[in-house]
Amino acid sequence: MLVKQVTQLIGDTPLIDLQMEIPKQSHIYAKLEMYNPGGSIKDRLGKYLFQKAMKEGKINQQTTIIEPTAGNTGIGFALVAQAYHLPVILVVPENFSFEKQELMKALGAKIIHTPSDEGIKGAIKKARELEKSLTNTFVPMQFENKENPETYYHTLAPEITKDLQKPVTAFVAGAGSGGSFAGTAKYMKEKYPDVKVIVAEPEGSILNGGPIHPHKTEGIGVEFVPPFFKDVNIDEVLTISDEQAFSYVNQVAKEQGLFIGSSSGAALAASLQVAAKLPPNSNIVTIFPDSSERYLSQNIYQ
Ligand code: PMP
């Protein structure tokens, strides 16, 4: 494949038919989003949003992009913004992954830290303040921008059905902003009316009513119900402990040769639980949003 720009490499990621012990001879197909050039699912969001904003005249060569992010969005936005020569300011709670912040810097983004104990809400507030204090800014605000689920509805979801060529019994994925879950789940429900759509959340996230508390599983878990969820009939939310998520991060590396991040580990743990409950020979689709390589400084491998 000959390309001229790194952004051309975004999307069309592989779908793996996992060869491991899965209950009831079912299959788990995982979309390997670490194969995007910025290393995560969020490259898609940057590409879709900035292309659209450019086309609609919402941004020009002088516009500063500002976004609150837990990390991968920042990398995706910084990578795509480079193609348009746009400056980027990312507001990041300080406890998020060291490697992700190094990659954002490498791509030329400016990072502003907010206190860890204020969570993503603190970063959102700070991004809004910055927006007011600067001129010619564009704040995509992934947590409320309807183009976030649209991105996946138009890219990731059709890629899955094209590659799979058989009905999906269940779609299982984590949610941070909720965009990738909601956009993909909506597409799946339209295409396969009987499909079950299931959210995997870490302990410390609120969807199953649990109290908010910090967790090690990075990139998923919510402090408020994502607004995009009102467009999807969610069948179930499964709460996965950090221990379960990281045990699959370890197992998948040792047995499959795949370096997956902890949100992928949680998605796999939930997919296996779903396989045990569904009829035999089900086709379960999940997403592996990023790679473990950006968490190695946290000693995730035992
Ligand atoms: N996993 C990881 C590692 C992420 O960084 C994110 C984005 N925060 C997600 C999963 C969830 O993606 P979304 O924001 O679309 O819910």
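Conditions (1) touching a His at 6+ places or on another chain (Cβ under 7 Å); (2) surrounded by fewer than 24 Cβ atoms within 10 Å (Cβ to Cβ), marked per residue:
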| position | (1), (2) |
| --- | --- |
| GLY39 | no, yes |
| LEU45 | no, no |
| GLN51 | no, yes |
| GLY57 | no, yes |
| GLN61 | yes, yes |
| THR69 | no, no |
| GLY74 | no, no |
| LEU79 | no, no |
| ALA83 | no, yes |
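For every residue, the table says whether it meets (1) surrounded by fewer than 22 Cβ atoms within 10 Å (Cβ to Cβ); (2) within 12 Å of the ligand (Cβ to nearest atom); (3) not in a helix (DSSP H, G or I).
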| position | (1), (2), (3) |
| --- | --- |
| PRO158 | yes, no, no |
| VAL172 | no, no, yes |
| PHE181 | no, yes, no |
| ILE198 | no, no, yes |
| ILE220 | no, yes, yes |
| SER247 | yes, no, no |
| LYS254 | yes, no, no |
ILE112 vs (1) part of a strand (DSSP E or B); (2) buried (at least 23 other Cβ atoms within 10 Å of the Cβ): all pass except (2)
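Scan segment 37-55 for residues that are over 25 Å from GLY261 (Cα atoms), touching a residue at least 24 places away in the same chain (Cβ under 8 Å) and among the charged types (D, E, K, R) and jot them down.
Start the filter on segment 37-55 by keeping residues that are over 25 Å from GLY261 (Cα atoms), which leaves 50-55.
Add one more test, that the residue is touching a residue at least 24 places away in the same chain (Cβ under 8 Å), and what stays is 50, 52-54.
Result: LYS52, single match.
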Scanning segment 272-289 residue by residue, those away from the ligand (no atom under 16 Å from the Cβ) and outside any helix (DSSP H, G or I) turn out to be LEU278, PRO279, PRO280, ASN281, SER282, ASN283, ILE284
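I'm trying to understand the selection: among the residues of segment 143-172, which are among the polar types (S, T, N, Q) and either under 15 Å from the mean Cα position of the chain (by Cα) or within 24 Å of GLN8 (Cβ to Cβ) (or both)? Give the derivation first.
Taking segment 143-172 and keeping what is among the polar types (S, T, N, Q), we get 145, 148, 151, 155, 161, 165, 169.
ASN145, ASN148, THR151, THR155, THR161, listed by residue number.
When segment 96-106 is examined, which residues are found to be in contact with a helix residue (DSSP H, G or I) (Cβ under 6 Å, 6 or more places away or on another chain) and free of Cβ contacts under 8 Å to residues at least 40 places away in the same chain? Before the answer, list the steps.
Taking segment 96-106 first, the residues in contact with a helix residue (DSSP H, G or I) (Cβ under 6 Å, 6 or more places away or on another chain) are 97-100, 103-104.
Of everything in segment 96-106, just one residue is in contact with a helix residue (DSSP H, G or I) (Cβ under 6 Å, 6 or more places away or on another chain) and free of Cβ contacts under 8 Å to residues at least 40 places away in the same chain, namely MET104.
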Only unsatisfied item for ALA185, checking (1) surrounded by fewer than 19 Cβ atoms within 10 Å (Cβ to Cβ); (2) within 12 Å of the ligand (Cβ to nearest atom), is (1)
List every residue pair whose Cβ atoms sit under 7 Å apart, with the two residues 6 or more apart in sequence or on different chains, where the first one lies in segment 56-77 and is in contact (Cβ under 8 Å) with a residue 40 or more places away in the chain and on the phi > 0 side of the Ramachandran plot and the second, anywhere, is crowded, with 24+ Cβ neighbours inside 10 Å and part of a helix (DSSP H, G or I).
GLY71/LYS100
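Taking the conditions exactly as written (within 16 Å of the ligand (Cβ to nearest atom) and assigned by TED's automatic domain parsing to the domain that holds VAL195), does ALA269 satisfy them or not? Before the answer, list the steps.
Values: within 16 Å of the ligand (Cβ to nearest atom): yes; assigned by TED's automatic domain parsing to the domain that holds VAL195: yes.
Considered against the rule, which asks whether it is within 16 Å of the ligand (Cβ to nearest atom) and assigned by TED's automatic domain parsing to the domain that holds VAL195, ALA269 comes out as yes.
The values are calculated or read from the model by the stated rules, or taken from the named source; none is laboratory data. If you're wondering where the values come from, they're calculated on a predicted model, not measured in any experiment. In this analysis, Cβ positions are derived from the backbone assuming ideal geometry, glycine residues included, and neighbour counts consider all displayed protein chains.
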